[in-house]
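The next block holds one structure in the form of C-alpha coordinates; read it before the comments.
The values are calculated or read from the model by the stated rules, or taken from the named source; none is laboratory data. Model, not experiment: these values are computed from the prediction. Note: ideal-geometry Cβ built from the backbone for every residue, glycine included; neighbour counts use all protein chains shown.
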Amino acid sequence: MFDPRLALLVPLSLLLGCAPGALRGPKDAEQLQAAIERLAEPVGGTVGVGVRHIETGREFYLNRSVRFPMGSVFKLPLAVQFLTLVDQNAVSLEKTVVLQAGDLRAGSGKLAKSYGEPQSLSLSRLLEAMLIDSDNSATDILWKEAGGSKAVMARLATLGIRGISVDRPTALLLPAAAGIGPVPSDIELTSAKFNELSRRVPRAKREAAATAFLKDERDTATPAALVDLLSKIWRGEALSADRSALLIDIMVRCDTGKGRLKGRLPAGTKVAHKTGTLRPNVTNDAGVIRLPGRAGHLAVAVLIKESKKDLSTQERTIAEIARVLYDYFVFNPESAN
(Lines give C-alpha, C1' and ligand atoms only; values in the text may rest on other atoms or scores of the structure.)
Protein backbone atom coordinates (compact mmCIF):
# COMPACT_ATOMS: atom_id res chain seq x y z
CA MET A 1 0.00 0.00 0.00
CA PHE A 2 1.26 3.50 -0.80
CA ASP A 3 2.51 5.38 2.24
CA PRO A 4 1.80 9.13 1.78
CA ARG A 5 4.52 9.89 4.32
CA LEU A 6 7.15 8.82 1.79
CA ALA A 7 5.94 11.44 -0.65
CA LEU A 8 6.89 14.12 1.86
CA LEU A 9 10.37 12.69 2.16
CA VAL A 10 11.31 12.90 -1.51
CA PRO A 11 12.00 16.65 -1.79
CA LEU A 12 13.84 16.66 1.53
CA SER A 13 15.99 13.71 0.44
CA LEU A 14 16.90 15.60 -2.71
CA LEU A 15 17.69 18.66 -0.64
CA LEU A 16 20.05 16.61 1.52
CA GLY A 17 21.80 15.21 -1.54
CA CYS A 18 20.67 11.62 -0.88
CA ALA A 19 20.47 9.03 -3.61
CA PRO A 20 17.00 8.64 -5.20
CA GLY A 21 16.29 5.50 -3.17
CA ALA A 22 17.47 6.93 0.14
CA LEU A 23 14.07 8.11 1.33
CA ARG A 24 14.67 7.42 4.99
CA GLY A 25 17.33 10.05 5.50
CA PRO A 26 20.36 9.63 7.81
CA LYS A 27 21.14 6.07 8.94
CA ASP A 28 23.52 6.84 11.80
CA ALA A 29 24.66 9.68 14.05
CA GLU A 30 27.43 10.72 11.67
CA GLN A 31 25.03 11.05 8.75
CA LEU A 32 22.58 12.90 11.00
CA GLN A 33 25.28 15.39 11.96
CA ALA A 34 26.14 15.99 8.31
CA ALA A 35 22.50 16.37 7.32
CA ILE A 36 21.72 18.92 10.05
CA GLU A 37 24.84 20.94 9.27
CA ARG A 38 23.94 20.93 5.57
CA LEU A 39 20.47 22.23 6.32
CA ALA A 40 21.74 24.88 8.75
CA GLU A 41 24.45 26.32 6.51
CA PRO A 42 22.33 28.24 3.94
CA VAL A 43 20.36 30.17 6.56
CA GLY A 44 23.56 31.74 7.89
CA GLY A 45 24.00 33.11 11.38
CA THR A 46 24.18 30.48 14.11
CA VAL A 47 21.81 27.53 14.39
CA GLY A 48 21.35 25.54 17.57
CA VAL A 49 19.70 22.12 17.61
CA GLY A 50 18.85 19.88 20.52
CA VAL A 51 16.84 16.66 20.52
CA ARG A 52 16.25 13.92 23.08
CA HIS A 53 14.20 10.79 22.62
CA ILE A 54 12.36 11.05 25.91
CA GLU A 55 11.76 7.33 26.38
CA THR A 56 15.36 6.20 25.79
CA GLY A 57 17.45 9.32 26.44
CA ARG A 58 19.18 9.18 23.04
CA GLU A 59 20.32 12.69 22.09
CA PHE A 60 21.77 14.85 19.34
CA TYR A 61 23.03 18.42 19.54
CA LEU A 62 24.44 21.14 17.32
CA ASN A 63 25.93 24.07 19.25
CA ARG A 64 24.73 22.38 22.41
CA SER A 65 26.00 24.97 24.91
CA VAL A 66 25.77 28.13 22.79
CA ARG A 67 23.49 30.82 24.22
CA PHE A 68 20.58 31.95 22.02
CA PRO A 69 18.10 34.76 22.73
CA MET A 70 14.83 32.98 23.53
CA GLY A 71 12.34 35.58 22.42
CA SER A 72 8.94 34.32 23.50
CA VAL A 73 10.26 30.86 24.33
CA PHE A 74 10.90 32.38 27.78
CA LYS A 75 7.15 32.17 28.30
CA LEU A 76 7.51 28.43 28.77
CA PRO A 77 9.66 28.55 31.95
CA LEU A 78 7.46 31.44 33.10
CA ALA A 79 4.43 29.18 32.70
CA VAL A 80 6.15 26.45 34.71
CA GLN A 81 6.79 28.83 37.62
CA PHE A 82 3.24 30.22 37.46
CA LEU A 83 1.71 26.73 37.48
CA THR A 84 4.03 25.72 40.31
CA LEU A 85 2.32 28.40 42.39
CA VAL A 86 -1.04 26.98 41.30
CA ASP A 87 0.14 23.55 42.47
CA GLN A 88 1.08 25.09 45.81
CA ASN A 89 -2.35 26.75 46.12
CA ALA A 90 -0.58 30.11 46.24
CA VAL A 91 -2.59 31.38 43.28
CA SER A 92 -5.78 30.26 41.56
CA LEU A 93 -6.37 29.87 37.84
CA GLU A 94 -9.87 31.24 38.46
CA LYS A 95 -8.55 34.51 39.87
CA THR A 96 -9.55 37.45 37.69
CA VAL A 97 -7.60 40.60 36.93
CA VAL A 98 -8.75 43.73 35.18
CA LEU A 99 -6.87 44.35 31.94
CA GLN A 100 -6.37 48.08 31.58
CA ALA A 101 -4.73 50.31 28.99
CA GLY A 102 -1.52 50.40 31.01
CA ASP A 103 -1.24 46.60 30.75
CA LEU A 104 -1.10 46.59 26.96
CA ARG A 105 2.12 45.55 25.27
CA ALA A 106 3.44 45.84 21.73
CA GLY A 107 4.24 42.82 19.60
CA SER A 108 2.45 39.51 19.46
CA GLY A 109 -0.99 38.77 20.83
CA LYS A 110 -4.62 39.73 20.40
CA LEU A 111 -5.46 41.48 23.66
CA ALA A 112 -3.89 44.81 22.73
CA LYS A 113 -5.36 44.73 19.23
CA SER A 114 -8.91 44.12 20.43
CA TYR A 115 -8.77 46.36 23.49
CA GLY A 116 -11.59 48.84 23.86
CA GLU A 117 -12.11 49.27 27.58
CA PRO A 118 -10.99 47.62 30.83
CA GLN A 119 -12.09 43.99 31.05
CA SER A 120 -11.88 41.18 33.60
CA LEU A 121 -9.92 38.12 32.55
CA SER A 122 -9.11 34.96 34.47
CA LEU A 123 -5.50 33.90 34.94
CA SER A 124 -6.45 30.69 33.12
CA ARG A 125 -7.49 32.74 30.08
CA LEU A 126 -4.30 34.78 30.27
CA LEU A 127 -2.17 31.62 30.46
CA GLU A 128 -3.78 30.34 27.26
CA ALA A 129 -3.30 33.72 25.57
CA MET A 130 0.39 33.74 26.54
CA LEU A 131 1.12 30.27 25.18
CA ILE A 132 -1.34 29.91 22.30
CA ASP A 133 -1.18 33.45 20.86
CA SER A 134 2.15 34.40 22.49
CA ASP A 135 0.30 37.42 23.86
CA ASN A 136 2.71 39.92 25.41
CA SER A 137 0.05 41.74 27.42
CA ALA A 138 -1.00 38.49 29.08
CA THR A 139 2.65 37.57 29.62
CA ASP A 140 3.53 40.64 31.65
CA ILE A 141 0.49 40.19 33.90
CA LEU A 142 1.48 36.57 34.57
CA TRP A 143 5.09 37.73 35.07
CA LYS A 144 3.91 39.65 38.14
CA GLU A 145 1.69 36.82 39.35
CA ALA A 146 4.57 34.34 39.05
CA GLY A 147 7.00 36.49 41.02
CA GLY A 148 9.21 37.76 38.20
CA SER A 149 12.73 36.80 37.29
CA LYS A 150 13.95 35.67 40.72
CA ALA A 151 11.06 33.27 41.17
CA VAL A 152 11.40 31.77 37.68
CA MET A 153 15.14 31.31 38.05
CA ALA A 154 14.73 29.76 41.50
CA ARG A 155 12.27 27.25 40.07
CA LEU A 156 14.65 26.33 37.24
CA ALA A 157 17.43 25.85 39.80
CA THR A 158 15.20 23.56 41.86
CA LEU A 159 14.57 21.49 38.74
CA GLY A 160 18.32 21.27 38.14
CA ILE A 161 18.13 23.13 34.83
CA ARG A 162 21.15 25.23 33.96
CA GLY A 163 21.59 27.21 30.78
CA ILE A 164 18.32 29.20 30.81
CA SER A 165 18.26 32.82 31.93
CA VAL A 166 14.89 34.56 32.33
CA ASP A 167 15.51 38.18 33.22
CA ARG A 168 13.01 40.66 31.76
CA PRO A 169 9.28 41.00 31.03
CA THR A 170 8.29 41.88 27.48
CA ALA A 171 7.99 45.57 28.41
CA LEU A 172 11.78 45.61 28.84
CA LEU A 173 12.79 42.78 26.51
CA LEU A 174 11.20 44.08 23.31
CA PRO A 175 12.72 47.59 23.42
CA ALA A 176 16.14 46.10 24.17
CA ALA A 177 15.89 43.69 21.24
CA ALA A 178 14.76 46.50 18.91
CA GLY A 179 17.58 48.76 20.04
CA ILE A 180 15.40 51.56 21.40
CA GLY A 181 16.57 51.30 24.99
CA PRO A 182 14.59 51.01 28.25
CA VAL A 183 11.04 52.35 28.30
CA PRO A 184 9.73 54.21 31.38
CA SER A 185 7.36 52.04 33.40
CA ASP A 186 4.55 54.61 33.22
CA ILE A 187 4.36 54.43 29.41
CA GLU A 188 1.68 52.26 27.81
CA LEU A 189 3.78 50.22 25.37
CA THR A 190 1.19 49.81 22.64
CA SER A 191 2.33 49.01 19.09
CA ALA A 192 1.82 52.65 18.10
CA LYS A 193 3.90 53.89 21.04
CA PHE A 194 6.57 51.27 20.36
CA ASN A 195 6.86 52.43 16.74
CA GLU A 196 6.96 56.06 17.83
CA LEU A 197 9.82 55.40 20.24
CA SER A 198 11.66 53.46 17.55
CA ARG A 199 11.44 56.38 15.12
CA ARG A 200 12.99 58.70 17.70
CA VAL A 201 16.20 56.65 17.85
CA PRO A 202 18.62 57.06 14.92
CA ARG A 203 18.95 53.94 12.83
CA ALA A 204 22.67 53.54 13.49
CA LYS A 205 22.08 53.69 17.23
CA ARG A 206 19.25 51.13 17.03
CA GLU A 207 21.39 48.74 15.01
CA ALA A 208 24.30 49.06 17.44
CA ALA A 209 22.00 48.42 20.41
CA ALA A 210 20.39 45.44 18.65
CA THR A 211 23.84 43.97 17.98
CA ALA A 212 24.75 44.38 21.65
CA PHE A 213 21.49 42.64 22.59
CA LEU A 214 22.56 39.53 20.70
CA LYS A 215 25.72 39.34 22.82
CA ASP A 216 23.84 39.78 26.09
CA GLU A 217 23.33 36.52 28.02
CA ARG A 218 20.15 37.77 29.65
CA ASP A 219 16.98 36.09 28.39
CA THR A 220 18.91 33.36 26.61
CA ALA A 221 19.00 29.58 26.62
CA THR A 222 21.12 26.77 25.27
CA PRO A 223 19.59 23.98 23.17
CA ALA A 224 20.57 21.48 25.87
CA ALA A 225 18.79 23.41 28.64
CA LEU A 226 15.56 23.75 26.66
CA VAL A 227 15.61 20.02 25.90
CA ASP A 228 16.01 19.38 29.63
CA LEU A 229 13.04 21.60 30.45
CA LEU A 230 10.82 20.04 27.78
CA SER A 231 11.73 16.54 28.97
CA LYS A 232 10.88 17.35 32.59
CA ILE A 233 7.57 18.90 31.57
CA TRP A 234 6.63 15.85 29.49
CA ARG A 235 7.68 13.36 32.17
CA GLY A 236 5.69 15.20 34.84
CA GLU A 237 8.79 16.17 36.80
CA ALA A 238 8.25 19.94 36.65
CA LEU A 239 4.61 20.06 37.76
CA SER A 240 1.88 17.89 39.21
CA ALA A 241 0.12 15.44 36.90
CA ASP A 242 -2.89 17.75 36.49
CA ARG A 243 -0.85 20.85 35.83
CA SER A 244 1.51 18.97 33.49
CA ALA A 245 -1.47 17.79 31.46
CA LEU A 246 -2.87 21.33 31.36
CA LEU A 247 0.39 22.85 30.17
CA ILE A 248 0.93 20.22 27.48
CA ASP A 249 -2.66 20.59 26.26
CA ILE A 250 -2.19 24.34 25.86
CA MET A 251 1.16 23.87 24.09
CA VAL A 252 -0.47 21.47 21.61
CA ARG A 253 -2.90 24.28 20.75
CA CYS A 254 -0.10 26.80 20.09
CA ASP A 255 -1.23 28.89 17.13
CA THR A 256 2.08 30.52 16.21
CA GLY A 257 4.94 29.19 14.09
CA LYS A 258 2.94 26.70 12.03
CA GLY A 259 5.76 26.62 9.49
CA ARG A 260 8.44 25.77 12.07
CA LEU A 261 8.65 22.44 13.95
CA LYS A 262 5.30 21.38 12.51
CA GLY A 263 5.94 22.67 9.00
CA ARG A 264 7.11 19.45 7.30
CA LEU A 265 5.96 16.74 9.66
CA PRO A 266 3.32 14.25 8.52
CA ALA A 267 -0.20 15.62 8.70
CA GLY A 268 -1.77 15.07 12.10
CA THR A 269 1.52 14.85 14.00
CA LYS A 270 1.00 16.26 17.49
CA VAL A 271 3.49 18.89 18.59
CA ALA A 272 3.37 20.63 21.99
CA HIS A 273 5.55 23.68 21.46
CA LYS A 274 6.35 27.34 22.08
CA THR A 275 7.82 29.66 19.48
CA GLY A 276 10.04 32.69 19.89
CA THR A 277 10.66 35.52 17.43
CA LEU A 278 12.59 38.78 17.63
CA ARG A 279 12.74 40.36 14.21
CA PRO A 280 14.99 40.31 12.35
CA ASN A 281 17.60 38.26 14.15
CA VAL A 282 15.93 35.54 16.25
CA THR A 283 13.66 32.70 15.11
CA ASN A 284 13.02 29.76 17.46
CA ASP A 285 10.75 26.84 18.20
CA ALA A 286 10.92 24.37 21.08
CA GLY A 287 8.56 21.52 21.81
CA VAL A 288 7.75 17.85 22.08
CA ILE A 289 6.97 15.89 18.91
CA ARG A 290 4.94 12.70 19.12
CA LEU A 291 6.33 9.96 16.90
CA PRO A 292 3.99 7.44 15.22
CA GLY A 293 2.77 4.29 16.95
CA ARG A 294 4.86 3.37 19.96
CA ALA A 295 8.00 5.13 18.71
CA GLY A 296 7.86 7.62 21.58
CA HIS A 297 8.41 11.36 21.80
CA LEU A 298 11.13 13.85 20.90
CA ALA A 299 12.00 16.93 22.95
CA VAL A 300 13.29 19.31 20.27
CA ALA A 301 14.69 22.83 20.24
CA VAL A 302 15.79 24.57 17.03
CA LEU A 303 17.14 28.08 17.53
CA ILE A 304 18.44 30.59 14.97
CA LYS A 305 20.22 33.87 15.65
CA GLU A 306 21.90 36.50 13.48
CA SER A 307 20.60 35.11 10.20
CA LYS A 308 20.21 37.62 7.37
CA LYS A 309 17.61 35.51 5.59
CA ASP A 310 13.92 36.36 5.58
CA LEU A 311 11.51 34.84 8.10
CA SER A 312 10.07 32.25 5.71
CA THR A 313 13.57 30.92 4.95
CA GLN A 314 14.41 30.65 8.64
CA GLU A 315 11.13 28.91 9.40
CA ARG A 316 11.70 26.48 6.54
CA THR A 317 15.11 25.64 7.97
CA ILE A 318 13.53 24.82 11.34
CA ALA A 319 10.90 22.67 9.62
CA GLU A 320 13.46 20.77 7.55
CA ILE A 321 15.64 20.08 10.58
CA ALA A 322 12.63 18.87 12.55
CA ARG A 323 11.69 16.53 9.71
CA VAL A 324 15.17 15.01 9.52
CA LEU A 325 15.13 14.43 13.28
CA TYR A 326 11.67 12.89 13.07
CA ASP A 327 12.69 10.49 10.30
CA TYR A 328 15.96 9.58 11.97
CA PHE A 329 14.33 8.48 15.22
CA VAL A 330 11.42 6.74 13.45
CA PHE A 331 13.57 4.74 11.05
CA ASN A 332 16.52 4.16 13.41
CA PRO A 333 14.86 3.24 16.72
CA GLU A 334 17.91 1.39 18.05
CA SER A 335 20.64 3.77 16.89
CA ALA A 336 23.38 4.67 19.34
CA ASN A 337 23.68 8.15 20.85
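Things to note:
- Scanning the range 269-292 for residues that are at pLDDT 95 or above, assigned to a loop (DSSP other than H, G, I, E, B) and of a type outside the set (Lys, Arg) returns THR269, LEU291, PRO292.
- Among residues of the range 58-85 being of a type in the set (D, E, K, R) and part of a loop (DSSP other than H, G, I, E, B), the one that is nearest to the chain's Cα centre (by Cα) is ARG67.
Listed here are the residues, each with its yes/no results for (1) crowded, with 22+ Cβ neighbours inside 10 Å; (2) in contact (Cβ under 8 Å) with a residue 40 or more places away in the chain; (3) on the phi > 0 side of the Ramachandran plot; (4) not assigned by TED's automatic domain parsing to the domain that holds ARG64.
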position: TYR115; (1), (2), (3), (4): no, no, no, yes
position: LEU126; (1), (2), (3), (4): yes, no, no, yes
position: ILE132; (1), (2), (3), (4): no, yes, no, yes
position: ASP135; (1), (2), (3), (4): yes, no, no, yes
position: ALA151; (1), (2), (3), (4): no, yes, no, yes
position: ALA157; (1), (2), (3), (4): no, no, no, yes
position: PRO182; (1), (2), (3), (4): no, no, no, yes
position: LYS193; (1), (2), (3), (4): no, yes, no, yes
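- Flag for LEU93 being closer than 30 Å to GLN31 by Cβ and either among the β-branched types (Val, Ile, Thr) or touching a helix residue (DSSP H, G or I) at 6+ places or on another chain (Cβ under 7 Å) (or both): no
- Residue within the range 279-296 that is in contact with a Pro (Cβ under 6 Å, 6 or more places away or on another chain), of a type outside the set (Val, Ile, Thr) and buried (at least 18 other Cβ atoms within 10 Å of the Cβ) present: no
- Looking only at the range 303-337, and only at residues there that are outside any helix (DSSP H, G or I) and charged (D, E, K, R), the one that is surrounded by the most Cβ atoms within 10 Å (Cβ to Cβ): LYS305
- Against the criterion of being more than 14 Å from ALA301 (Cβ to Cβ), out of contact with any Cys (no Cβ under 7 Å at 6 or more places or on another chain) and in a helix (DSSP H, G or I), GLU55 does not qualify.
- Residues satisfying the stated conditions in the range 247-270, i.e. more than 18 Å from PHE74 (Cα to Cα), buried (at least 16 other Cβ atoms within 10 Å of the Cβ) and aliphatic (A, V, I, L, M): LEU265
- Selection status of GLU59, at pLDDT 95 or above, over 30 Å from ARG155 (Cα atoms) and either among the small types (Gly, Ala, Ser) or touching a strand residue (DSSP E or B) at 6+ places or on another chain (Cβ under 9 Å) (or both): no
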